[in-house]
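The values are calculated or read from the model by the stated rules, or taken from the named source; none is laboratory data. Note that the structure is predicted; figures quoted are calculated from it, not measured. Heads up, the Cβs are rebuilt from the backbone with ideal geometry, glycines too, and the neighbour counts pull from every protein chain shown. The area values use the complete protein model at the heavy-atom level, side chains included, leaving out ligands, DNA and RNA. Shrake-Rupley method; radii C 1.70, N 1.55, O 1.52, S 1.80 Å.
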Protein chains: 10
Amino acid sequence: MNRNDVTEKIISTKVAKGLQWSAIASKLGRSKEWTTALCLGQMSASVEQARCLGEIFGLTDEEQKWLQIVPHKGTLQTPVPTDPLIYRWYEIVNVYGSTIKELIHEEFGDGIMSAIDLSMAITREADPKGDRVKVVLSGKFLPYKQY
Amino acid sequence: MNRNDVTEKIISTKVAKGLQWSAIASKLGRSKEWTTALCLGQMSASVEQARCLGEIFGLTDEEQKWLQIVPHKGTLQTPVPTDPLIYRWYEIVNVYGSTIKELIHEEFGDGIMSAIDLSMAITREADPKGDRVKVVLSGKFLPYKQY
Amino acid sequence: MNRNDVTEKIISTKVAKGLQWSAIASKLGRSKEWTTALCLGQMSASVEQARCLGEIFGLTDEEQKWLQIVPHKGTLQTPVPTDPLIYRWYEIVNVYGSTIKELIHEEFGDGIMSAIDLSMAITREADPKGDRVKVVLSGKFLPYKQY
Amino acid sequence: MNRNDVTEKIISTKVAKGLQWSAIASKLGRSKEWTTALCLGQMSASVEQARCLGEIFGLTDEEQKWLQIVPHKGTLQTPVPTDPLIYRWYEIVNVYGSTIKELIHEEFGDGIMSAIDLSMAITREADPKGDRVKVVLSGKFLPYKQY
Amino acid sequence: MNRNDVTEKIISTKVAKGLQWSAIASKLGRSKEWTTALCLGQMSASVEQARCLGEIFGLTDEEQKWLQIVPHKGTLQTPVPTDPLIYRWYEIVNVYGSTIKELIHEEFGDGIMSAIDLSMAITREADPKGDRVKVVLSGKFLPYKQY
Amino acid sequence: MNRNDVTEKIISTKVAKGLQWSAIASKLGRSKEWTTALCLGQMSASVEQARCLGEIFGLTDEEQKWLQIVPHKGTLQTPVPTDPLIYRWYEIVNVYGSTIKELIHEEFGDGIMSAIDLSMAITREADPKGDRVKVVLSGKFLPYKQY
Amino acid sequence: MNRNDVTEKIISTKVAKGLQWSAIASKLGRSKEWTTALCLGQMSASVEQARCLGEIFGLTDEEQKWLQIVPHKGTLQTPVPTDPLIYRWYEIVNVYGSTIKELIHEEFGDGIMSAIDLSMAITREADPKGDRVKVVLSGKFLPYKQY
Amino acid sequence: MNRNDVTEKIISTKVAKGLQWSAIASKLGRSKEWTTALCLGQMSASVEQARCLGEIFGLTDEEQKWLQIVPHKGTLQTPVPTDPLIYRWYEIVNVYGSTIKELIHEEFGDGIMSAIDLSMAITREADPKGDRVKVVLSGKFLPYKQY
Amino acid sequence: MNRNDVTEKIISTKVAKGLQWSAIASKLGRSKEWTTALCLGQMSASVEQARCLGEIFGLTDEEQKWLQIVPHKGTLQTPVPTDPLIYRWYEIVNVYGSTIKELIHEEFGDGIMSAIDLSMAITREADPKGDRVKVVLSGKFLPYKQY
Amino acid sequence: MNRNDVTEKIISTKVAKGLQWSAIASKLGRSKEWTTALCLGQMSASVEQARCLGEIFGLTDEEQKWLQIVPHKGTLQTPVPTDPLIYRWYEIVNVYGSTIKELIHEEFGDGIMSAIDLSMAITREADPKGDRVKVVLSGKFLPYKQY
C-alpha cells in the first residue's frame, strides 16, 4: 500500500457517494483549497484529520496512517500540462512569468514569493458578462540575504 | 528588426535610466501588470500607447509600429522555468493543479478559467511575521457546451 | 474505478458489438463529434446522457456517474503524436501555425480562437479525383483586453 | 543568404509599410491562406509570383530566387507551442485527436486526411454573442492499400 | 481487450509454434512486408484476412474483430529508437535526410513522397564480400498545390 | 571557419547560380545521392573531389581543405523532424520499424543492416495514377558474433 | 547590454588578470560563495558592492547598474548537467534525494529546506588518504501550514 | 521478485509499524543517512545488515538476498524533480552550480568532488528566527591526471 | 510471455541461487561479457545454448525458445543513464566523444568503429594505489565508401 | 574571449596547417588521447603546456591563459549523439550497460569505475578480415563505503 492507493480510493469514493469538496472541508474545519489538496495527496494530515477523513471515505487504520505521511508532491503528469483548465494556469505563468518577476522585485527586491507559506482562495465573482473565477494567492516574501 | 529587438531596447533603457514599471504604467494610464506585460513583449499597444512608450524609451517610428503588432507570446525559456521566483509559480501549478481543477469544476461545471479575459493584480500585504505578496487573478469562466 | 476504465469499456464494447459513433450520436441527440469526444473521455455527460450511454454500452450506475465527472482531458500520448492520421493535424498546426496566427490577428486583432467554445463538423466531400475530408471548425474569438 | 533571411525581410517590410496579407494575396491572385504561408517560408513560388512579391517587398533577384526554392518547413519553435493562439490549435488536436481519428476511419476506412493536398479558409462568422472564427479545412483522403 | 492484446498473442504464438512471417504471408496472399505490419498492429484486415489469421494464431471472434479495427499506429518506444537495427534506419534519415529532400524536390518539385500510398520490399542481395539487405521503397509523389 | 560555413556557401551559391545536384554529380563522377550528401556536409572528399567542387562553387583553398575533413554528421534539427518530406521517412521508420526488424532477422539472423556500407538510389517511377518516388537502399548485413 | 554581457566581462577579465574569487570576496567583505554567485550572475549587488566590483573588473556605470538588477537565475545549460563536477552534485540529489526528503520530514515534519534563506561554505578537509571537499549548507526550515 | 519490491515492502511496513529511520539506523549501527539510503534501494547491505533489517521489517530470506545485491540507483522520477523539498536541492545545484565549480577548482585544481566516497549528515540547527536544516557533505577530491 | 519475462526470471533465479556470471559463462563456453549480455536480453542464443541456460535457470521449453529470438535491444531506461556506474560510461562518451572521433578518423579515415562486430573484456588490474577496472574494446573499422 | 573561442581557433588552425594530433602530442610529451581532449576543450594545461600549444597554434598570451583554466566539460550537443561514430559508443553503453554494471559489481562489489582517474588508448589492430579499432580503458575502482 502507498499514498497513491489512498488518494485513488478517496477519489473513487467521492464519485460513488456524490460528495462535495466544500462539504468535506466543512467537516474538517479547514479551507476547501487545503482540504482538497490534502485529499489529492499533496498535504499531510494530523491524527484527528486523518480520522475525520477516514470516517467520510471509509478508510482503514493503515490508510489513515498514510494520510499522515508527507507525500511525494506534484500533480502534473507531463512538464507541460495537457488538461485545458490546468494548462491555462501554465499559460499564465508562461505569458506573465517575466511580468510577475519584475513587479515583485520592484516592490520587494531580490527574493521570491513562497510556494510553501502560501494560501489560496478560489471564489465565484458574479459578472453580467459571464461569471468569473477569482483566485487570491497570498505567499510570504522571502528575501535572498547576503552572507 | 523584430519585436524582440524592441523589448530588449526597452529593458536596457529602463536599467540605464533607472525607471520604475509602476511609474511607466501611470503615464500610460493602465495597470502596472498589463503595462509591464506589454513592455516585455506579451501584449500589443494602440497607436497612442506606442507613442507614449516611444517617448519614455526613445523609440523610433518603426519601433513603435512593432509595439502595435500582436507578438509571439511566451516568456519561459524552458518547459520548466529555472528562475526561482518564476519556478515557485510553476510549483503552485504542479502542487495545486488538480485542486484548482476540482474546485472550479465543483463551482462552475465543465469548462475553464480564461487566460485571455484575465486580469491580475500584485500587491504588498503587510504582515508582522514578514510581508506577503498578494496576487489576485480574475478570469472569466468559459463553459464547454454541447453541440 | 476511474474514468479511464469506463472509456476502455466503452471502446471494447463498441468493437465487440460492432456499433457506429454516428448511430450512438443519433440516440443521444447530439453531434457525432461531441458524442465521440464524450465517449473517449474528453467531455462530461448529463444524468440523462449517462443513462442513455449506459444502456448502449451496459454501464453500471457507478460507471454512469463517472461519465458525469469532468475528466482529465488530452488524448495525445506523446507531445508529438505518432499515429499518421493524428500527426497530419499536428503537421497542419506546424506548417500553418504562423499563418493562422497572422490571419486571425489581421481580422480580429489581439486575442485567440477559443478551443472551449468550439464546435467541429467532419464530413465527406465527394471529388472525382478522390473524395476529401472536410472539417469545419467554429470557435469564438476572445480578445485580450487592457486593464 | 538563406530562405529565413528573406522571410525576415518580408515580415519587417510588412510592418514598416503597414501592409495587409489579404491585399498581398489579391495582388498575387491566390488565397490569403496560401499566400501568407508562402511569405512565412512554408510554400514555394513560381518565377512570376516571386517577381510579384519582389515588387511588393523590394526583394533582390537573389532573394526572389530563394522564394522559388522548396523551404525547410515547420513554424513551431517547440514541440508544444507557447503562443496562446497557436496553442489552442494544439489543444484541439490534443482533446479531439482521437475523435477525429475515429470519425474519419468510420467514414473512410484506414488511411489519412492529407496535409499536403489540403486547403484552408479562415473567415469571420458574425454572432450576436461574440463573433467567431470559422476555419474550413479540406484535405484529400488517402487510403492505406494492401500489397 | 484491445488491439495490443491481440498483437501480443500473435507474437507469442508465433514464437511458441515457430512460425515464419513469409509463410504466414503466403497463406494470406499478401506480401510479407504488409502482412508482418498487419500482425504487428500497424495495418487493418478484412473479415476474410482476420479469419485466416484467426486460424493460424487461434484467435477468438472478438480478437478477429480487433484485427479489422484501424489501430493506433507507431512502433517506436522513444523518439530516437534504441534497438541497433531500427536505429540504423533512423541514422539513415538523420545523415541522408537533407539529401533525400533535395533530390526529390529537384526531380518532382514541392511536395512529399507518401508514407501511406507506399509499398516496401526487403530482399537478400548476394555479395561475395558479405550479403546485403536490399530494400525497395515505392511511394507516390504528392505535390503541394496552390489555392 | 568550419565545415558548416562551407556547406552554407555551397548551398547559397547553388541557389544563386541555379545549379542542379545531378549536374554537379556528373562533373564529380559520382552518384547524385553521395554527391549531394557530400555537399550538404555529411561525407568527406578526396583532394581531387574538393578541387572539382572548389571550381564549381568558387571555394578557396582553405574551404577545399574543410571538404576533406570528416564532418560531424547528422542533419535533423530535432529528434523528430518537422519538415513534411523528411517526416514521412521518420514515419516509415515508426510504422514499419518493427516489421523491418522482424523480416531482416527472419532472413539473416541476429545483426543489422549497415548504415555505413550503404548506397541509396532515388528515381522517378512513372505511374498513370501519379508518378512515384522509388528509393533503393542496399546495406551490408553485419551479424552479431559470439565471443 | 544585459546582465549576461557583464558576467562574461567579469569572467574574461578575471582570467586575463589572474584574479582569485577569495581575494575578490575579501575586498567585497562577503563570503567567497556569495561573492562568486554574484559575479556569475546569480545574486544582486548594492550600489557600493557594484562600485567595488566595478573597480576590480573595470566596469562602466551602466555595467554597475546591471549588477544591481535582480538577474534571471539558473546556471545549468541542460536539465541534466554535463560537466563532471556539477554532475556529481546532480547525482547526489538523484541518489540521496529520497533520503534527504525522509530525514528532513522525520526531524521537522512537512515542509522544505529553503534554497533562498540559505548559506553555503566550501572548505578543504585535510585527509591522509586524499584531501576532501567539505560543504556545509544551512537552510531555514519552512513548514507547510494548514489554512 | 526484484529490489524494488523489497523497497516498497520496507516503506509500507515502516508506515504500518510507525518506525523511525534514526531508530532503524541505531539498530544497524550506521548513520541514519546511509541507512535510509540503503532501505530506499540505493546502497547494498552485508549479510548481517540484511538479517538485521530482515528482523525489523519481516523480510524473507530471498528478500534479504536482494538487499545484498548492488541496486540500480537513482530516485528521481523525472530529470527535474517535482517534489518541492527535493526540487530545492535541484535549485541549489542550478543557482550555485557554477559557483561550486569555480571554488573547488580554485582550491583544488582540475578534478571533482566524489559522489561515491562521500558522506552526508543532516541535523537541526536551532535558530531564534526559525530552526534551520544543516547538511554537511564530505566528498573526496579526485584530480584529473595527465597521461 | 515475452523475452522480458524470461530475463526477469533469469535475474531473480540468479539472486535466489547465488550464481555468478563467470561460472554461467564457463558452462556455456563463452566469454562472461557476451554471456551476461545474452542473459540480460541483449543477444540471442543457439538451441544448445538455450538448453544449457534452461538447465541452469530452470527454464521451460517456451522460455528457451524466447532466448533464441533476436530481442529488442537497449538497456538504458532514460536517454541519460541515472545509475552512477553506467553514467560514468556516458560521461566518458560525453567528455572524450570528440577525441575518440578525431583519433579514429586520423588513423583510419572516414568511417566508424562497429558496435556489432565488437568484443569486450572486463578485467581487474592490480594497482597499489587501488585496483583498476580494465576494459578492452575491439571493434571492426567500417569505412564509408563512395558510390 | 572564452575557452570555446580558443578551441575553435585550435581546430581551424589544425585544418589550415594540416597538422596531426599524434604529432602535436609528441611535441607536448603526452599521449595523443589526453592531448586531443585538452585541445578540444576538455582538459586543462600547465603553463608550459599552454606555451607549447601556443607556439604550435599561434595562440596569444590571453589564449594560453584560457588553456590553463578548468573548462566546462562535455562534447555531446544532444543527450543522444547524432554523429554515427560517436553514436556507436552511446549504443555500446546502451546495449552493454547492464552487462558492464553486473560484471564490475561481481568482481569489485558496490562502487564505480572512475571516469576521472581514467586513461584511454586507441590503436589499430591489424586483422585480415578488416582492421579493427582497439580501445583500452583503465579506470580506478571507487567503492561505496558505509558510514
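Going Cα to Cα from D:Lys140, which aspartates and glutamates come in below 14 Å? Please leave out same-chain ones fewer than 8 positions away.
By straight Cα distance, D:Lys140 reaches C:Glu125, C:Asp127, C:Asp131, D:Glu107, D:Asp110, D:Asp117, E:Asp117.
Name the trypsin sites (Lys or Arg not before Pro) in the stretch E:40-129 that are in a loop by DSSP and that have at most 14 other C-beta atoms within 10 Å, would you?
Loop-located and lightly packed - E:Lys129.
How big, on average over all directions, is the shadow cast by the Cα convex hull of chain G, in nm²?
Mean projected area of the Cα convex hull: 12.4 nm².
For the stretch H:113-133 and the stretch E:1-77, what is the separation of their Cα centres, given in Å?
A separation of 59 Å, based on Cα centres.
Roughly how compact is the stretch D:93-135, stated as its Cα Rg over 2.2 N^0.38 Å to two decimals?
1.55
If you take each beta carbon of peptide G:43-50 and count the beta carbons of other chains within 10 angstrom, what is the mean?
2
Taking every residue in D:11-23, how many Cβ atoms of other protein chains lie within 10 Å of its Cβ, on average?
3
Report the FRET efficiency, 1/(1 + (r/R0)^6), for D:Gln77 and H:Arg51, where r is their Cβ-Cβ distance and R0 is 60 Å, rounded to 0.05.
The formula returns an efficiency of 0.55 here.
I want the local charge near H:Thr82. Using Cβ-Cβ distances under 13 Å, sum +1 for each Lys or Arg and -1 for each Asp or Glu among the other residues.
Net charge around H:Thr82: 0.
Mind putting a number on the dipole of chain C about its Cα centre? Charges go on the C-beta only, +1 for Lys and Arg and -1 for Asp and Glu, and I need it in Debye to the nearest 20.
That gives a dipole near 280 debye.
Would you work out the relative contact order for chain E, in percent, from Cα pairs under 8 angstrom that are 6 or more residues apart?
In percent, rounded to a whole number, it is 16.
Percent relative contact order of the stretch F:1-61, based on C-alpha pairs within less than 8 angstrom and at least six residues apart?
The normalised contact order for the stretch F:1-61 reaches 32 percent.
Give me a single rounded figure for A:24-32: the average over its residues of other chain Cβ atoms within 10 Å of their Cβ.
Whole-number average of other-chain Cβ neighbours for A:24-32 is 1.
Could you order A:Tyr144, E:Tyr147 by accessible surface area, starting with the largest, using a probe radius of 1.4 Å?
So, going from the largest accessible area down, we get E:Tyr147, A:Tyr144.
Under a Cβ-only charge scheme (Lys and Arg +1, Asp and Glu -1), can you give me the dipole magnitude of the protein assembly as shown about the Cα centre, in debye to the nearest 20?
0 debye
Under a cut-off of 27 Å between alpha-carbon atoms, report the lysines in cross-link reach of C:Lys14, not counting same-chain residues fewer than 8 places apart.
Within reach: B:Lys145, C:Lys27, C:Lys32, C:Lys65, C:Lys73, C:Lys134, D:Lys101, D:Lys145, E:Lys9, E:Lys65, E:Lys73.
Suppose only helical runs count, i.e. DSSP H with n ≥ 4. What mean residue ellipticity at 222 nm does that imply for chain J under -39500 (n - 2.57) per run, divided by all residues and rounded to the nearest 500 deg cm²/dmol?
Result for chain J: -16000 deg cm²/dmol, rounded to the nearest 500.
Could you check how much of the accessible area of the protein assembly as shown is carbon and sulfur, as a whole percent, using a 1.4 Å probe?
C and S atoms contribute 50 percent here.
Would you please give the FRET efficiency between E:Ser119 and I:Glu125, computed as 1/(1 + (r/R0)^6) with r the Cβ-Cβ distance and R0 = 56 Å, to the nearest 0.05?
For R0 = 56 Å, the calculated efficiency reads 0.55.
I plus J alone minus the pair: what accessible area, both sides summed, probe 1.4 Å, in Å² to 100?
6700 Å²
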